[in-house]
């Protein structure tokens with residue numbers, strides 16, 4: 001798998017996070033902070049409206065890594081996330097991962113991981129390190 | 001808020017992630033990779049059983065930060081996550097955040113963020129940078 005990868009290779013998809021997704025994530029993560037749920041409360045915050053949990057936005061790369069690129073059998077070694085802008089429910093997001101470096105010997109691939117909002121501004125950036133599944137022919 | 005914080009201050013709680021939580025997180029994140037769901041498939045992987053999504057484990061700090069410490073009004077600036085060991089559903093986890101450094105002038109607090117499994121092994125480590133809500137008396 002890793003032998004067919006090149007620096008600059010990327011995958012992306014689009015996704016809208018709904019308020020229902022935010023509620024589901026609040027339940028499963030345990031974070032029921034009113035910043036994500038309470039319209040009246042958020043009018044007094046700098047964000048003015050409920051925002052999506054940062055960690056839900058940061059969880060959108062996992063679908064690409066686990067299911068598509070590198071795909072099944074990939075091991076997630078690390079992920080860092082820098083939250084640059086608030087993400088609001090109902091907005092079309094672009095989720096993009098791009099190969100930054102490849103270490104063939106150690107079977108590690110570093111990806112730049114980015115989320116863009118509907119104005120094409122980068123709302124979240126970071127990097128992930130992954131171990132693609134080792135094929136027998138990879139030696 | 002930040003003026004009352006000290007390096008070494010920590011908060012922790014315990015949490016079991018169930019297979020139902022994993023299914024809910026799979027739906028909301030879009031990652032339906034069989035490593036998290038398919039018992040028969042996972043017997044052929046190095047983990048032998050379905051594992052919890054790394055990003056779900058990494059989402060457990062958000063509850064403390066958003067609801068307790070620093071609590072309401074906190075802004076999440078960044079989070080990095082290093083996945084050290086697989087986490088299995090049904091296991092009692094300890095979720096811990098500890099203040100590593102404080103920058104009063106910039107209103108930034110860095111936390112060490114850790115998840116321990118039932119053998120008290122660190123399964124996930126990393127750091128988060130947060131901006132606690134600025135109280136008027138903070139100047």
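Only the coordinates and a few stated rules stand behind these numbers; no lab work does. Just so you know, these numbers come straight off a predicted model, no measurement behind them. All Cβ positions, glycine included, derive from the backbone under ideal geometry; neighbour counts span all protein chains shown.
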Notebook entry, point to check: Would it be correct to say that residue B:133 is within 14 Å of chain A (Cβ to nearest Cβ), surrounded by fewer than 19 Cβ atoms within 10 Å (Cβ to Cβ), touching a residue at least 40 places away in the same chain (Cβ under 8 Å) and more than 30 Å from residue B:39 (Cβ to Cβ)?
Noted result: yes
Next item on the list: Check whether at least one residue in region A:63-74 is in contact with a helix residue (DSSP H, G or I) (Cβ under 6 Å, 6 or more places away or on another chain) and over 30 Å from residue B:41 (Cβ atoms), and report yes or no.
Entry: no
Notebook entry, point to check: With respect to the numbered conditions (1) surrounded by 20 or more Cβ atoms within 10 Å (Cβ to Cβ); (2) out of contact with any strand residue (DSSP E or B) (no Cβ under 9 Å at 6 or more places or on another chain), which one is the sole condition not fulfilled by residue A:83?
Noted result: (2)
Next item on the list: Could you pull out the residue among B:12, B:114, B:105 that is crowded, with 17+ Cβ neighbours inside 10 Å and closer than 30 Å to residue A:42 by Cα?
Entry: B:114
Check: Residues of region B:9-37 being more than 8 Å from chain A (Cβ to nearest Cβ) and assigned to a loop (DSSP other than H, G, I, E, B), which ones?
Finding: B:9, B:17, B:18, B:37
Notebook entry, point to check: Mind checking which residues of region B:15-31 are surrounded by 15 or more Cβ atoms within 10 Å (Cβ to Cβ) and either in contact with a strand residue (DSSP E or B) (Cβ under 6 Å, 6 or more places away or on another chain) or without any contact (Cβ under 8 Å) to a residue 12 or more places away in the chain (or both)?
Noted result: B:15, B:24, B:28, B:30
